[in-house]
1. Please give the number of the condition B:Ile135 fails out of (1) away from chain A (no Cβ under 13 Å); (2) within 20 Å of B:Trp22 (Cβ to Cβ).
2. Looking at the range A:22-56, which of its residues are surrounded by 15 or more Cβ atoms within 10 Å (Cβ to Cβ), under 22 Å from the mean Cα position of the chain (by Cα) and at negative phi?
3. Restricting to the range B:17-59, count the residues that are basic (Lys, Arg), more than 14 Å from chain A (Cβ to nearest Cβ) and within 19 Å of the chain's Cα centre (by Cα).
4. When residues of the range B:69-99 are filtered for being of a type outside the set (A, V, I, L, M, F, W, C), surrounded by fewer than 24 Cβ atoms within 10 Å (Cβ to Cβ) and either within 15 Å of the chain's Cα centre (by Cα) or farther than 28 Å from B:Glu182 by Cβ (or both), how many remain?
5. Please work out which residue is surrounded by the fewest Cβ atoms within 10 Å (Cβ to Cβ), limiting yourself to the range A:289-304 and to residues that are under 18 Å from the mean Cα position of the chain (by Cα) and assigned to a loop (DSSP other than H, G, I, E, B).
6. If you take the residues in the range B:1-43 that are in contact with a Cys (Cβ under 7 Å, 6 or more places away or on another chain) and within 19 Å of B:His71 (Cβ to Cβ), which one is surrounded by the most Cβ atoms within 10 Å (Cβ to Cβ)?
7. Of all residues in the range B:121-138, which are in contact with a strand residue (DSSP E or B) (Cβ under 7 Å, 6 or more places away or on another chain) and of a type in the set (S, T, N, Q)?
8. Are any residues in the range B:106-150 under 18 Å from the mean Cα position of the chain (by Cα) and aromatic (Phe, Trp, Tyr), and if so, which ones?
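The values are calculated or read from the model by the stated rules, or taken from the named source; none is laboratory data. Because the structure is a prediction, the values reported are computed rather than measured. Backbone-built Cβ (ideal geometry, glycine too); neighbour counts: all protein chains shown.
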Amino acid sequence: MAKENNKTTRDGFGEALVEAATKNSAVVALTADLRESMRLDAFAQTFPDRFFEMGVAEENMVGAAAGLALAGKIPVACSYAVFNPQNAMGPIRTSVCYSKTNVKIIGGHAGISTGPDGATHQALEDIALMRTLPNMIVVVPADYQEAKKATHAIIEHHGPAYLRIGKFPTNAVTTESATFELGRATTLRQGNTVAIIACGTMVSEALRAAELLEKYSISVEVLNMHTIKPFDRFSILELVQQKKLLISMEEHQITGGLGSAIAEVLSELSHHPPLHRMGMLDTFGESGPDRELLKKYELTAEAAVALVLDEL
Amino acid sequence: MVEVFVSLYFKLAEQKADNPSWPERDYVLLSAGHICPVLYATLAERGYFPLSELATLRDINSRLQGHPHLHSLPGIEISSGPLGQGLSQAIGLAMAFQLDKKTNHVFCILSDGEQQEGQTWEAYMYAGSHSLSNITVFIDRNNIQIGGTTDQVLPINPLDEKIRAFGWNTITIDGHSYSAIENAVSDAQESDQPTAIICNTTPGKGVSFIENDFTWHGKPPTESELQRALEELT
């Protein structure tokens, strides 16, 4: 598997956005004073007329994006996820989702691995907020390559979309040639006893946990749930057949995100294995180096291994 | 605001009632969605949908939603109701038309209570600093909102000076005067900046028991009150 360990999902987004805009002249980008950080420099240099610096005003950015969409553009509105969607929730609900305008919301610096900026800048509730909105789709790519494909996919999808990206240099878990389809989870590893369903940065930790558990002869399946909405319930229904334990892993509150989406599917079944949701336990983050924070808040392969050994 | 809607739909805005999505049209965005009954009535009179449908306002399965929905009714350009969201969408349209070198004009109708929303001022700031002269705003300066007069709830004066400070051309008119509305729009077309037309209006004008009484801001008259009002107006 190709290792692109220094590239992030935001890098993949920025590169794919230029590719998509080259193919489709309707693509325009907006940001709220986070051009470089949201990896928009290349876009702004390549398409200066189609790049809009909106200033630190996320509500107006999203509203203007909705207006651009009404005129036939494909606006891509970019800021940190704590500001976009979180500061722009009203316009996203009414101007975007209710009107079904073709707006793409890009939330950067998602998750606790945002690191030293601290809790104010670590979005941990955005998946929950976006998942409840009618007409919205929610995509959380796992690595650089997948972020590129996800960017193309949400731009080709006609309708509101939320793309969650980050600055954490994850291990590559997908390849350039791997298929990516909105709403279809991908099985990255087959296994019989335990299934770990993960999204975003946690996919690489899930794979590492599966490798570590081989030593204990525990067979672990790993599912990359890159699309949280529409949710691939069939992949969950297939998965639960013979498993003894299910684990969800996400850099998000354990309420409202991936773990909750899985629990909703399981709740429709009369019998299913227990689900343990790994994520932020109803708490905010704090400042610190990314890897140390992931360790402290038990969002690592080692934490997953300990959990599996404890539960089985 | 009936005078503004009538002026726009019957004279000033380039529109085609039989082709509401005509790409070359001028856009009329109602940001203050709660005054949609006057928009609906104007659209019906203009032929966007049958007049008979007006009676279904707020009924279940009606296309005339309590606040406008973009896809429910011909002629509606944006969903609105939550205040403060319309002007940003006007800006997005204006940005697109400038990018594509198109001459469509964007009219946007705001309430005065809506001036208390932060998003409105984000939008003023952007449009003024980017000289989006293809936007004209009408502000219904009736000085009432749900909880009392605007001066009681949260004063917004000096409104014209504030908006001008954000880089806009401002014009204050008698909002009930058709000629004043027409002249203001004509002046707006000469400006290199976006224009805000502050329309001084009397809420409930012409109905003695409703005029200037904020408690009528969000409630419909009873059947007998309706008859009294219609008698006073005719």
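1. Going through the list (1) away from chain A (no Cβ under 13 Å); (2) within 20 Å of B:Trp22 (Cβ to Cβ), B:Ile135 breaks only (1).
2. Hits for the range A:22-56 are A:Val27, A:Val28, A:Ala29, A:Leu30, A:Thr31, A:Ala32, A:Leu34, A:Arg35, A:Ser37, A:Met38, A:Leu40, A:Phe43.
3. Count: 1.
4. Result for the range B:69-99: 6.
5. The extreme case among them is A:Thr300.
6. B:Ser31
7. Of everything in the range B:121-138, those that are in contact with a strand residue (DSSP E or B) (Cβ under 7 Å, 6 or more places away or on another chain) and of a type in the set (S, T, N, Q) turn out to be B:Asn134, B:Thr136.
8. Listed by number, the residues that qualify are B:Phe107, B:Trp121, B:Tyr124, B:Phe138.
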